Amino acid sequence: MSVMLCFAMVYFMVRPGEAVQCGQVAASLAPCKPYLEAAGQNPSTACCDGVRNIKAITPTTADRQEACECVKSAAAKHPDINQDVASSLPGK
């Protein structure tokens, strides 16, 4: 499973400045799902790496806004995500 996740993360990575795809954002955040569903635990290393990847592929305001829309769209499909925990993720 982790090998597939790593493959997906590498496959969906783009160079900074290229258009951000929702698939890239979703693949980067996939390891964060357990953290986002359960309060009280810390995000995994893979989750933190995914967040760093999103930061790296979104150098411009427009890129970050596009990624934000992707995150909002994905979050709407997962009602089990704890919104308070999700809000704290970037700082952790």
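The values are calculated or read from the model by the stated rules, or taken from the named source; none is laboratory data. Since we're looking at a predicted model, the values are computed, not measured. Heads up, the Cβs are rebuilt from the backbone with ideal geometry, glycines too, and the neighbour counts pull from every protein chain shown. SASA here: full protein model, heavy atoms, side chains in, ligands and nucleic acids out. Shrake-Rupley method; radii C 1.70, N 1.55, O 1.52, S 1.80 Å.
Count, please, the residues in the range 44-92 that happen to be crowded, with 16+ Cβ neighbours inside 10 Å and not in a helix (DSSP H, G or I).
Going through the range 44-92 one residue at a time, the tally reaches 2.
Can you tell me which condition residue 35 does not meet? The list is (1) of a type in the set (Ser, Thr, Tyr); (2) more than 14 Å from residue 20 (Cα to Cα); (3) exposed (fewer than 11 other Cβ atoms within 10 Å of the Cβ), and all the others hold.
If we test residue 35 against (1) of a type in the set (Ser, Thr, Tyr); (2) more than 14 Å from residue 20 (Cα to Cα); (3) exposed (fewer than 11 other Cβ atoms within 10 Å of the Cβ), just (3) comes out false.
Might you let me know whether the range 11-28 holds any residue that is modelled with pLDDT of 90 or more, crowded, with 18+ Cβ neighbours inside 10 Å and assigned to a loop (DSSP other than H, G, I, E, B)?
No, there is no match, as no residue in the range 11-28 is modelled with pLDDT of 90 or more, crowded, with 18+ Cβ neighbours inside 10 Å and assigned to a loop (DSSP other than H, G, I, E, B).
Using the structure shown, decide if residue 59 is in contact with a Lys or Arg (Cβ under 8 Å, 6 or more places away or on another chain) and either on the phi < 0 side of the Ramachandran plot or at pLDDT 95 or above (or both).
So residue 59 fails the test.
Need pairs with beta-carbon distance below 9 Å; first residue over 14 Å from residue 37 (Cα atoms) and within the range 71-92, second open to solvent by 80 Å² or more (accessible area, probe 1.4 Å); sequence gap 6+ or separate chains.
Matching pairs, first to second residue: 90/55; 92/42.
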